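The values are calculated or read from the model by the stated rules, or taken from the named source; none is laboratory data. This structure is a prediction, so every number in the text was calculated from the model and none was measured. Note: ideal-geometry Cβ built from the backbone for every residue, glycine included; neighbour counts use all protein chains shown. When the accessible area is computed, the model is the full protein with side chains, heavy atoms only, and any ligands, DNA or RNA have been set aside. Shrake-Rupley method; radii C 1.70, N 1.55, O 1.52, S 1.80 Å.
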Amino acid sequence: MSKWSRRSLLQGMLRGASVAVALPLFDMLLDGNGEALASGAPIPTRFGTWFWGCGVNTARWFPSKLGKDYDLKPELSPIGDLRSKVSVFSNFNCVLDGKPNLVHWSGVMATMSGAAPLTGGVTGGTSLLPTLDCLISDHIGGNTRFRSLELACTGQSNVSYSMRAGSTVNPSEVDPVQLYRRMFGAEFRDPNKAEFTPDPEVMLRQSVLSSVKDEREDLMRSLGAADRQRADQYFTSVRQVEQQLGKLLEKPEPAQACVLPTEPGKRELGPTWDVATRTHDLLGQLLVMALACNQTRVFNMALSNAGSNLRKPGDPVAFHELTHEEPVDEKLGYQPKATFFIERSMETLASMLKMMDGVKEGAGTLLDNSLVLATSESNFAKIHSVDNLPILVAGSAGGRWKQGQHISGNGDPSSRVGLTIQQVMGMPVTEWGDGAMKTSKPISEVMA
């Protein structure tokens, strides 16, 4: 009989202290059924993703003109004021190559992970590879309190397209009050204050987490293959929390644009359109200041889940259902009720980008010092198309990305966008993806 039990693991590894890292449920515990700042430091580059569900109407969203000064179709018109800072990518596909089209899942995972998945659907699924944000947070997130922030606007924490691989989803924060307290609560250290005193309690918690790692090898020898994968993810979490605590023991670098925000009041959460967009704006305001205060450099914002459950007040029919049930208006050439949500989604994206562009950093703005990848899981949701996926990238990564262009991929895999982003972010990667989505061809037109 194994010496390990859930109680012995918790008592032995955590030494009885309270540390917020959840222990995975191992099989062996189950039965057989189961530029520069004022300080001289360079302005950091940030990366984020922004997701909306149920795609677009192709003819009303994609520009006709390639290159700079591209035209704005009705559904993309909300980004008009920021067109010079937003690049549009057309004719980049999820290349299935014999794999099933897992509706409302294949498209987003192809772009985000560089691989068409094997399992998934409207409610979620698995990923063959880590998503782009995880790779980038591993590269640039180590010097911040939080390697990344995941946010969702409909009150559902499981709405997240950030995945390490397999079925492990990085859950989203959904409540602006809880996000505020997490970012700017008792553990927040104002980077612009002259005085700094390390918190003894943080020192103790970091010491406890260090002791957890001492038990790693002994535990690993007792685990099967599946449990070793879970344990590896667990110890990665432990290491990340330890690093996060370590940042709390260091005096933070001054941050020019950092201003402590006011805690928001309690608000209703849910998928009703007005509620979800108010939540988005509150989360967005806090996120922007978390970036400006260098609490994180990577984020993921999901306006809705892929099979979007957004709905108008009093209307029992959600956006997803409308894309399939509402007939195409013969005169208009599109589904007017469903299209309401596409147009308003682009307005909401524009509001997020304007928040970032409104924060001055050095000679530019927070948006100028970032790259934001915005995408959906399908083109025309009525037929679950994963060709010509709608993809936008905003910002210039501090001048390393040539922004404000419309570029056609001519049927290439959407993973080319992700590979290019990684290279522009300074990662030493020459190819990315899996199977037919694997690519070694960055998009040279946007690389400065």
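In debye, nearest 20, what is the charge dipole magnitude of region 262-367 about its Cα centre with +1 on Lys and Arg Cβ and -1 on Asp and Glu Cβ, if you could check?
Around 380 debye, computed over region 262-367.
Mind listing the phi-derived Karplus ³J(HN,Hα) values for region 260-269, rounded to whole Hz, using 6.51, -1.76 and 1.60 with θ = phi - 60°, and x for any glycine or proline?
4, x, 8, 5, x, x, 5, 10, 5, 10
Compute the accessible area per residue over region 381-430, keeping the other protein chains in place, probe 1.4 Å, unit Å².
Each residue of region 381-430 exposes 30 Å² on average to a 1.4 Å probe.
Taking the highest mean first, how do the peptides 44-51, 151-158 order by number of other beta carbon atoms within 10 angstrom per residue?
Most protected by this proxy first, the peptides run 44-51, 151-158.
Per residue, how big is the convex hull of region 330-400 when only Cα atoms are used? Give it in Å³.
105 Å³
List the residues whose amide H sits under 5 Å from the amide H of Met447, counting only those 5 or more places along or on another chain, with H placed 1.01 Å from N in the peptide plane.
Lys402
Give me the extension gain from Thr168 to Glu330: residue separation times 0.36 nm, minus the current Cα-Cα distance, reported in nm with one decimal.
53.9 nm
Compute the relative contact order of region 67-129 as a whole-number percentage, counting only Cα pairs closer than 8 Å that sit 6 or more residues apart in sequence.
22 percent
Over 27 Å between C-alpha atoms is what I'm after, so list which of Lys65/Lys331; Lys337/Lys360; Lys85/Lys312; Lys354/Lys441; Lys402/Lys441; Lys382/Lys441 land there.
From the list (Lys65/Lys331; Lys337/Lys360; Lys85/Lys312; Lys354/Lys441; Lys402/Lys441; Lys382/Lys441), the Cα-Cα distance tops 27 Å for Lys337/Lys360; Lys85/Lys312; Lys354/Lys441; Lys382/Lys441.
Arranged from highest to lowest average of other beta-carbon atoms within 10 Å per residue, in what order do the peptides 345-351, 256-262 appear?
345-351, 256-262
So if we plug the beta-carbon distance of Ala186 and Arg221 into 1/(1 + (r/R0)^6) with R0 = 56 Å, what FRET efficiency do we get, rounded to 0.05?
0.90
Going 7 Å from the Cα of Lys441 in the Cα-to-Cβ direction, what parts of region 82-122 have a backbone nitrogen less than 12 Å from that spot?
Inside the label zone: 92-93.
Rounded to the nearest percent, how much of the accessible area of region 273-392 (1.4 Å probe, protein heavy atoms only) is carbon and sulfur?
Carbon-and-sulfur percentage of accessible area, whole number: 51.
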